[in-house]
1. Give 30, 87 a once-over and let me know the one that is open to solvent by less than 70 Å² (accessible area, probe 1.4 Å), closer than 23 Å to residue 113 by Cβ and either in contact (Cβ under 8 Å) with a residue 60 or more places away in the chain or of a type in the set (Phe, Trp, Tyr) (or both).
2. Take the conditions of a type in the set (D, E, K, R) and in a loop (DSSP other than H, G, I, E, B) and apply them to residue 31. Does it pass?
3. Of the residues that make up segment 72-84, is at least one modelled with pLDDT of 95 or more, open to solvent by less than 20 Å² (accessible area, probe 1.4 Å) and closer than 24 Å to residue 10 by Cα?
4. Cβ contacts < 8 Å: first residue of a type in the set (S, T, N, Q) and part of a loop (DSSP other than H, G, I, E, B), restricted to segment 34-49; second residue at pLDDT 95 or above and crowded, with 23+ Cβ neighbours inside 10 Å, any location; separation 6+ or different chain. Result?
5. Kindly establish whether residue 43 is closer than 20 Å to residue 182 by Cα and in contact with a helix residue (DSSP H, G or I) (Cβ under 7 Å, 6 or more places away or on another chain).
6. Are any residues in segment 65-86 assigned to a strand (DSSP E or B) and among the hydrophobic types (A, V, I, L, M, F, W, C), and if so, which ones?
Amino acid sequence: MLLFLTRGRDRTYREELLDLAGVASGNRVLDVGCGTGTQAIAAWRRVQPGGSVVGVDVSEKMLVAARRKARRAGLDIPFRHADAAELPFEDGGFDVVMITTVLHMVPESRRRPCLSEAGRILRPGGRLLLIDYAGNPDERKHLSAKHGRHGQFDLHNLHGPLAEAGFKHIEGGPLEWLSLHFLRATRA
């Protein structure tokens, strides 16, 4: 679907997200809400040599597709069934956590626990990248960003909860893709 929505430029979109997150060789990356694994595969290529990537999702169906896609690519990426609000990882085990177009689907009462968990599993100085819909729905250019849960969500409302979860250097803005925005933060 992303291939269609980006008019065939999905690889460029994914590379821009990795750039925003500062993903580099040797990093340990967690892709929360990994879906079919395409972003995790792109991250794996970026963190080599010496890095690692793990993908998590609440949908077993998505995880089956992600595992199959990674196997076809000849990559050994672990994809695990997990809730973003209860991640099964040790404290400080990751350099980068990416949560891409997921939080608009998470009930509002569960968003703060998701951010707290991301902070818990990041090492001090680790980076969090959030990608989602933001701003006034009437001003969003892309049709998909105006309706349903997409239209009811504003990523920029998470500035305060990010600070409360122990993040600093919180910055954000629009992307050139699908009326999406980013928030980027560093674990204190």
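The values are calculated or read from the model by the stated rules, or taken from the named source; none is laboratory data. No experiment lies behind these values; they were computed from the predicted model shown. Cβ: placed from backbone, ideal geometry, glycine included. Neighbour counts: every protein chain shown. Just the protein is used for accessible areas: all its heavy atoms, side chains included, with ligands, DNA and RNA removed. Shrake-Rupley method; radii C 1.70, N 1.55, O 1.52, S 1.80 Å.
1. Values: 87 fails: either in contact (Cβ under 8 Å) with a residue 60 or more places away in the chain or of a type in the set (Phe, Trp, Tyr) (or both).
Of 30, 87, the one residue that is open to solvent by less than 70 Å² (accessible area, probe 1.4 Å), closer than 23 Å to residue 113 by Cβ and either in contact (Cβ under 8 Å) with a residue 60 or more places away in the chain or of a type in the set (Phe, Trp, Tyr) (or both) is 30.
2. Values: of a type in the set (D, E, K, R): yes; in a loop (DSSP other than H, G, I, E, B): no.
Against the criterion (of a type in the set (D, E, K, R) and in a loop (DSSP other than H, G, I, E, B)), residue 31 does not qualify.
3. yes
4. Cβ pairs passing all conditions: 36/66.
5. Yes; evaluated as a whole, the condition is true for this residue.
6. The answer is 79, and nothing else.
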